[in-house]
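Working notes for the structure below.
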Amino acid sequence: MIRYIMILCSTVALGAQLQAQTTIKGMVTDSNGKGLSGVNVSEIDRKSLVQTDGAGNFELQTKENQGTLLFQYMGYENQSKAFKGASLDWRIVLVPSSTQIDEVLVSTGYQQLPKERATGSFSTVSNERFNQQVGTDILSRLPAIANSIVMDVGRSQGKPQMMIRGLSTINGPKDPLIVLDNFPYDGDINNINPNMIENITVLKDAAASSIWGARAANGVIVITTKKGSYNRPVVVGLNTNLTIGAKPDLYYIPQMSSSDFIDVEMELYNRGFYKSKINSASKPVLSSVIDLLDLADKGKVDKQEALARIDSWRGIDARDQFDQLVYKPSSRQQYFLSASGGSSKFSWLSAVGYDRNIESLGDTYQRLNLRFQNTYQVTSKLSLGTNLYYTQSNTRSGRGGYSDLGDILPYMRIADDNGNALAIPKGSRQSFLETFGEGQLLDWSYYPLTDWEYKTRRGTTSDILGTVELQYEILSGLKASVNYQYERQQGLGTTLADEQSYEARDYVNRFTQLANGQVKYIVPKGGILDKSNATLIANNIRGVLSYDKKWGRGHVSAIAGGEMRDGQQNSYNDRFYGYKPSNLTFGNVDYTQGYPSVITGGKSNIQNMQSLGDKTTRFVSQFANAAYSYNERYTLSASVRRDASNLFGLKTNDQWNPFWSAGFAWKLSNESFYKSDIVPYLNIRATYGFSGNVDPAMVAVSTIGFGQASPFTGTTYARYNNFYNPLLKWETSKMLNLGIDFRSK
């Protein structure tokens, strides 16, 4: 829930002053007399260019005494007007373009098409609509502004699940494919700063997404970032915003009162429901009420005193202390500075962004983004584009929340009247832990109010993404392009449960050996340190031939090409017991032997968190897409793609799989017999096709995983991860899509 939002924006245009002899001033409006902001006003065949201000006013200075000015604004007809000498009172009225809707472009990640000539199902999100919300990530904004997208934020794994038109897979990944600037993005999408987004296209049906083949069954989200423009003065933009969020409402979901809960526990106790837990040798956790009733029945506590204490708990609501002592209002800050410009042959954009989030439990997130984008028109037919994006993010854990405690007792208190931390039952029966070991063990109590101070999780992610695009116009309408993308993402994770944390004290106590008054620590005293490192290196290269030509009433748009992708993932994890941060020392443990539990005597091995991982996934693809439109009424489209991967064995027929789609659109409103003032635009669409999905964890050949030490033999062991399965194929999804597009006055 967000209570206050403050957004501050400023844009400053900087340009060299020309020593002009002629000054032309005026105003550009629409047909209703409203000033239009951002209209391009330029001198034909010359570099002079200005934009109208917020009220539609402009001022242009030129060395020429006569010439022609051109007025350009998206959605309106271009207009030109000759000048001779200075003029200070021009008033230009722009007329909406009759083909305004054709200016809406959809991007498939391979090409951009006018929405009117696309047969597939698309959802487009403009920059203006995207920025109606604020936040440090991209995907959380989409469900509210794009059709057919659902975000399940209540997943047990913690990470929200996004779906386009529902679930479209059996065992493969359920997330849609993310395409960033025409390439699949393998890194964490949270690395991308929302302020860099120009527009987003969601590909929903097979005709729209089958061009992406084996990874498109869950839909495709195509993200296009901002770029510099030719013939523009330097423009500097600053965007800042601060979002203050309220604490979560712990009382939103009604729950049983503490008094009723205690009554139920006492009734169940009297009926013997808890006898097995009370008498268990493992001493499982008992609630405070059941523990006290049992102690009273055994004569260890006065019964009247026990009942009086239980009655004192009836008026307690555990949520009160969490609301007062644990949760705080959240804050999210964003700062984004950009600059762009361009000459007749060179355009550029540079940006830096910084974000800082503090959530309601005190966990923090910081992100630094750097962006450098350039396009160079080498010749009239050859252009070169580069794009470099760098992200550095840091996270740190905060306090433990109400739902983090698992089974919560409604009468539980985490602090006394003076604010001092109180222990709650965890791991084993509280009254047992308080006396067990006769003082030879470490304190075995759990204090949720302060334990977070002794267990911290930190994460650092660095991501560098670079692309190069070379485009050459062979003939009129025929272009060839080569694109290459390199990405390297590294994530470092550190979790430290120091010697005062419950996790460290519990683990040391669990394996401690008590014999003849002697104490032997199998797990050395100190903290428990976990370290992780994951690296992703991805290379993509693509070659495309594109053709776009109009003959009379017909219009052809087609592409064909091939691409190769190589992704390498390396990871390792390690754990250090008895860690002391003051001198960076740790103890040694024996993972090969089983040790008896200090409580039950049952043997178990010390947990070995060491692991190494190395995975390489390669894809090779061939694709083609074509659309033909006739007389601005009928459109036919077809798409085909062949994907090959190293996941399905060595035979060519197993590695390759084709995906295809076909579509038809009829713009009924353009027919001469169609007459309707209520529905002036009507378009009927039908598509059918196949897309697919692939789970890199499932392969058709036998694969073996190795472990360091078996708990039974103490030696290295191997296990089968996958068995040879010649019937395992690519997962495919076929879809029939029927649609009617219309608009009314």
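Of note:
- Of all the numbered requirements in (1) modelled with pLDDT of 80 or more; (2) surrounded by fewer than 24 Cβ atoms within 10 Å (Cβ to Cβ); (3) not charged (D, E, K, R), LEU180 misses one, and that requirement is (2).
- Residues satisfying the stated conditions in segment 531-542, i.e. open to solvent by 30 Å² or more (accessible area, probe 1.4 Å) and not basic (Lys, Arg): SER532, ALA534, ILE537, ASN539, ILE541
- Segment 80-127, subset under 30 Å from ALA686 (Cα atoms), open to solvent by 70 Å² or more (accessible area, probe 1.4 Å) and assigned to a strand (DSSP E or B), residue modelled with the lowest pLDDT: LEU105
- Candidates in segment 229-261 are the residues that are within 25 Å of the chain's Cα centre (by Cα) and among the aliphatic types (A, V, I, L, M); of these, the one that is farthest from THR52 (Cα to Cα) is ALA246.
- Test result for GLY459, assigned to a strand (DSSP E or B), within 30 Å of ILE559 (Cβ to Cβ) and modelled with pLDDT of 95 or more: no
- Of the residues making up segment 475-492, one or more are of a type in the set (Gly, Ala, Ser) and outside any strand (DSSP E or B).
- Strands (runs of 3 or more DSSP E) (entirely within segment 135-251) containing at least 1 residues that are charged (D, E, K, R) and free of Cβ contacts under 8 Å to residues at least 24 places away in the same chain: 149-152
- Filter result for ALA306 (farther than 30 Å from SER597 by Cα, of a type in the set (Gly, Ala, Ser), without any contact (Cβ under 8 Å) to a residue 60 or more places away in the chain and open to solvent by less than 30 Å² (accessible area, probe 1.4 Å)): yes
- Those residues of segment 475-508 which are under 23 Å from HIS555 (Cβ atoms) and touching a residue at least 40 places away in the same chain (Cβ under 8 Å), in sequence order: SER476, GLY477, LEU478, LYS479, ALA480, SER481
- Sole residue being hydrophobic (A, V, I, L, M, F, W, C) and either open to solvent by 60 Å² or more (accessible area, probe 1.4 Å) or farther than 30 Å from ASP311 by Cα (or both), chosen from LEU470, LEU433: LEU470
- Residue in segment 508-548 that is modelled with the lowest pLDDT, counting only those that are over 38 Å from the mean Cα position of the chain (by Cα) and part of a strand (DSSP E or B): ALA515
- Residue check, TRP444 assigned to a loop (DSSP other than H, G, I, E, B) and either open to solvent by 20 Å² or more (accessible area, probe 1.4 Å) or of a type in the set (Phe, Trp, Tyr) (or both): yes
- Qualifying residue in segment 560-571 (condition: surrounded by 15 or more Cβ atoms within 10 Å (Cβ to Cβ), more than 31 Å from the chain's Cα centre (by Cα) and assigned to a strand (DSSP E or B)): no
The values are calculated or read from the model by the stated rules, or taken from the named source; none is laboratory data. The structure displayed is predicted, hence computed values, not measured ones. When we count neighbours, we look across all protein chains shown, and the Cβ atoms used for this are built from the backbone with ideal geometry, even at glycine. Note: areas computed on protein heavy atoms with side chains; ligands, DNA, RNA excluded. Shrake-Rupley method; radii C 1.70, N 1.55, O 1.52, S 1.80 Å.
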